[in-house]
Amino acid sequence: MDKDKTVSGIRRYDFIDALRGWAILGVILVHVGQKVPHLPGWLSNITNNGQYGVQLFFVISAFTLLASLSSRSAAEPRPILNYFIRRIFRIAPMFWAAMLFYVCFRNIGWSGPPPTIDLSQIAATFFFIHGWSIYSINSVVPGDWTIAAEMTFYIILPALFKYITSLRRAIILVFTSLVASKIIWSLTKTILMSVYHNKYSSWINGLIEDFRYCWFPNQFMIFALGFILYFVTKDALASRASEERGPAASRNDIVTAGLLIAVSLWMCVSGLNWQVRLIPVHFLFGMAFVLLAWGLSLWQAPLFVNPVTRYIGKISYSLYLTHFFAINIAALTCSAKMKMIVSNSPVAHALLLFIVSLALSAAMSTITFYLIEQPGQLLGKKIINSINKKYRKK
């Protein structure tokens with residue numbers, strides 16, 4: 001862990017940044033695949049699996065927030081208030097900028113149901129409650145359901161942090177959330193169809209199915225898996241953090257990490273072929289990502305943790321919000337040239353579109369990271385420092 005960094009007294013792990021990088025690469029891959037017709041079956045399966053990069057984001061989010069709350073709770077006079085300030089200034093500035101952009105450039109940046117948007121959808125998105133309405137979720141900002149799920153999780157995390165204090169309780173939380181999601185999944189289709197069946201009937205079925213998958217009750221079990229990751233890695237990471245440079249991975253650590261990573265990759269490759277009706281596929285991928293992150297916490301395998309994946313992970317939030325626009329621009333402006341270059345090969349077309357889209361969105365995201373994300377976080381830190389000084393004087 002000698003390359004891990006300390007940011008504002010909180011340990012920042014390179015393997016976490018790298019996992020964020022892999023997560024956004026998967027998300028970009030699935031949306032590129034949707035733009036290329038006639039992909040062969042094997043490649044279509046690979047690109048479709050990229051959608052589960054979102055679940056990797058959720059697992060990592062829970063892990064990092066738990067680690068942050070644990071470290072800051074003893075050091076700050078108002079840790080919960082500061083926590084909410086950090087979350088708002090981490091998420092809101094870039095999201096609001098993206099919302100304004102996609103409202104102004106909707107025809108270029110995004111297309112899909114609902115066919116039109118109104119002020120109620122914009123307001124719901126602005127206040128991060130869009131994930132609770134089938135008309136607002138994914139209506140203003142493409143892919144904004146993940147932000148809605150994250151913000152809902154942020155609200156309930158302090159209570160969970162107080163009561164989920166051991167690996168045993170984390171396992172119970174995962175099991176309970178899995179059972180609850182299955183019950184809710186069974187009930188919601190009938191209820192939603194009875195409420196909305198007369199409205200926008202041409203695409204309401206698809207909208208309801210998307211909503212049932214995307215909304216927070218169906219994703220909470222993935223966040224819960226992050227609690228398991230936190231508790232299984234907590235002691236080992238703490239012991240490494242206590243040393244200034246951190247010890248090199250031992251042979252046993254490397255062997256254990258290799259096994260965990262291998263099992264994780266096998267689960268990701270074979271997951272869609274499993275006929276397990278009681279366990280959702282995205283939950284299987286969530287479990288695989290816990291094993292992957294656990295393995296990388298023991299040994300930062302260079303294939304996964306390297307300067308490229310760490311940098312992509314560093315700007316992954318901006319990448320998530322900009323890549324939809326970048327893919328559309330790449331597909332619209334480069335389609336003719338691409339056909340000449342790839343000779344009508346769907347595989348080559350997909351590869352070239354992925355490279356161009358990643359390069360374009362990375363360039364855009366580097367700019368937004370330094371112009372929007374970092375200033376927003378800096379403002380949040382200044383407010384927190386002011387609050388800390390105020391309460392320490394009392």
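Tabulated results
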item	result
Gained length - Thr190 relative to Asn385, 0.36 nm times residue gap less alpha-carbon distance	65.2 nm
GNM top mover of Phe95, Phe126, Phe354 - the chain, alpha-carbon springs below 10 Å	Phe126
Label-to-label distance, nm, for residues given as Ile88 and Leu351 (7 Å Cα→Cβ offset)	4.9
Cβ-derived FRET efficiency at R0 51 Å, Val255 paired with Ile183, nearest 0.05	0.80
Projected-area mean, the stretch 5-393, by convex hull of Cα positions, square nanometres	20.7
Structure-based [θ]222 nm, the chain - -39500 (n - 2.57) summed over DSSP H runs of at least 4, per residue, nearest 500	-25000 deg cm²/dmol
Charge-dipole axis of the stretch 5-393 as Lys and Arg at +1 and Asp and Glu at -1 on Cβ define it, positive-most pick from Gln377, Ile147, Gln300	Gln377
Longest exposed-site-free window of the chain, the sites being GluC sites (Glu not before Pro) in a DSSP loop that have at most 10 other C-beta atoms within 10 Å	1-242
Gain in span if fully extended, Ile172 to Ser44, counting 0.36 nm per residue against the direct Cα distance	42.5 nm
Under 5 Å, built H, 5+ apart or other chain: amide partners of Arg12	Lys5, Thr6, Val7
Residue-span extension gain [Arg78 to Ala359] - 0.36 nm each, minus C-alpha spacing	97.0 nm
Charge-dipole axis of the chain as Lys and Arg at +1 and Asp and Glu at -1 on Cβ define it, positive-most pick from Phe57, Ala123, Phe325	Ala123
Point-charge dipole on Cβ atoms (K/R +1, D/E -1) for the stretch 5-393, about Cα centre, debye to 20	1000
Most fluctuating residue given options His38, His323, His349, as computed from a GNM of the chain linking Cα atoms under 10 Å	His38
The chain: most fluctuating residue of Pro217, Pro158, Pro37 per GNM, C-alpha cutoff 10 Å	Pro37
Violating pairs (Cα-Cα greater than 30 angstrom) within the set Lys162/Lys382; Lys162/Lys182; Lys234/Lys381; Lys182/Lys314; Lys35/Lys381; Lys162/Lys389	Lys182/Lys314; Lys35/Lys381
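Values in this text are rule-based calculations from the coordinates and carry no lab data. The model shown is predicted, which means the values in this text are computed figures rather than measured ones. Here Cβ is always computed from backbone atoms with ideal geometry, including for glycine, and neighbour counts include all displayed protein chains.
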